[in-house]
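Here is the structure we will look at.
The values are calculated or read from the model by the stated rules, or taken from the named source; none is laboratory data. Since the structure is predicted, the reported quantities are computational estimates derived from the model, not experimental observations. Positions of Cβ are generated from backbone atoms using ideal geometry, with glycine treated the same way; all protein chains shown enter the neighbour counts.
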Amino acid sequence: MSLIESYFVVFLLLQLVHSIEEITNKFNKKFPLFRMRLSTFILFEILFFGFFLAVFLISGFPAREQIMAFFNILMFANGSWHLVWWGIEKKYVPGLFTAPFFVILFLMFYFQVLF
């Protein structure tokens, strides 16, 4: 398994835990950009996770490595956004507990790629 695949799998598992944290803490009602029904949010999470799981499981998936790299960056942005949102709100926001792990994991990945 390549370095990018290894981190991708860990990010994917972390995203699953992160989604559970968001769902159980009503992210769908607290997200500052727009509100949505819980069923809509859960459907989005299932489709999002399912797509990236397919990328991992299908070795011949088109642009697989690029999609994995994009996902790793996307998870860094996701974690960073939650930390910024917490800084603005000055209180717990759904997804905050798992957000720092995205940032830490991405920095580990980034420095391994560099060196």
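Observations on the structure shown:
- Within the option set 80, 2, being among the hydroxyl-bearing types (Ser, Thr, Tyr) and either at pLDDT 95 or above or within 12 Å of the chain's Cα centre (by Cα) (or both) holds for one residue only, 80.
- Which numbered condition residue 59 fails, given (1) free of Cβ contacts under 8 Å to residues at least 40 places away in the same chain; (2) among the polar types (S, T, N, Q); (3) assigned to a helix (DSSP H, G or I); (4) under 24 Å from residue 113 (Cβ atoms): (3)
- Cβ pairs under 6 Å, 6+ apart, first in the range 38-54 and over 17 Å from residue 65 (Cα atoms), second surrounded by 12 or more Cβ atoms within 10 Å (Cβ to Cβ): 38/28; 41/28; 45/19
- Taken over the range 85-115, residues that are among the small types (Gly, Ala, Ser) and touching a residue at least 12 places away in the same chain (Cβ under 8 Å) amount to 2.
- Scanning the range 1-28 for residues being part of a helix (DSSP H, G or I) and farther than 15 Å from residue 96 by Cα gives a total of 11.
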